[in-house]
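Student: Can you read through this structure? Questions will come right after.
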Amino acid sequence: MKHFKNIIPQTESKLYGKIDEKWSRRRGEDLYYTVQKNSINEMERKKSKFITRIYRIQSEEEARKILEAVKKENWKANHNCSAFVLGERSEITRSSDDGEPSGTAGAPMLEVLVKRDLTNILAVTTRFFGGIKLGGGGLIRAYS
């Protein structure tokens, strides 16, 4: 999730592909951002492997189905943490730490999505534990 700082509307982002700009008359010409296509990124921190997947979504049900599919696909993973934002005004937000210490995974992921004004987006980070504990601060840095 570190690469969000590189997202610029209508340009190619190394991690997330093209960003889709939308205009909404109901919001009085306010601009909001979402991803145009799904993407994936991998990183390693102290032998733990983190795989982040980004999906464009339209409903909570769709987000839950995708999350279930990711969990099924990565059944050997220690954690599948998630965060999503839905609605033109980001009305619906959810996050899950999936067994990580409370507030160290889902909340930092959600914070990144909200601060970048992204909506209709689901982020799922799968962690394969590498044997070295990262601590609360290390987990927050890894998931944000």
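Student: Using only the Cα atoms of the stretch 26-144, build the gyration tensor, take square roots of its eigenvalues as a ≥ b ≥ c, and label the shape rounded, prolate or oblate: rounded if a/c is under 1.5, else prolate if a/b is larger than b/c, else oblate.
Tutor: Values: a/c = 2.22, a/b = 1.71, b/c = 1.30.
In terms of gyration-tensor shape, prolate.
Student: Cut-off is 10 Å between beta-carbons; in what order do Lys65, Lys76 appear when sorted fewest neighbours first? Could you put the intermediate results ahead of the total?
Tutor: On the way: Lys65 12, Lys76 7.
The most exposed by this proxy come first: Lys76, Lys65.
Student: Oh, and also: Let me spell out the model: positive unit charges on the Cβ of Lys and Arg, negative unit charges on the Cβ of Asp and Glu, origin at the Cα centre of the stretch 41-144. What dipole size does that give, in debye rounded to 20? Don't skip to the end; give the middle numbers.
Tutor: Values: 18 positive and 14 negative charges, 105 e Å.
Its charge dipole is roughly 500 debye.
Student: For the ranges 106-112, 57-63, what's the packing order if you count other beta-carbon atoms within 10 Å of each residue, average per peptide, and put the highest first? Numbers along the way, then the final one.
Tutor: Details: 106-112: 20.0, 57-63: 14.7.
In decreasing order of mean packing, 106-112, 57-63 become 106-112, 57-63.
Student: If we count other beta carbons within 10 Å of each Cβ, what is the order of Ser96, Ser90, fewest first? Let's see the in-between values first.
Tutor: Numbers: Ser96 19, Ser90 16.
So the residues, fewest neighbours to most, are Ser90, Ser96.
Any read-out appearing in this document is the output of simple, stated calculations on the displayed coordinates, not a laboratory observation. Keep in mind it's a predicted model, so treat the numbers as computed, not measured. Every residue, glycine as well, gets a Cβ built from its backbone with ideal geometry; the counts of neighbours run over all protein chains shown.
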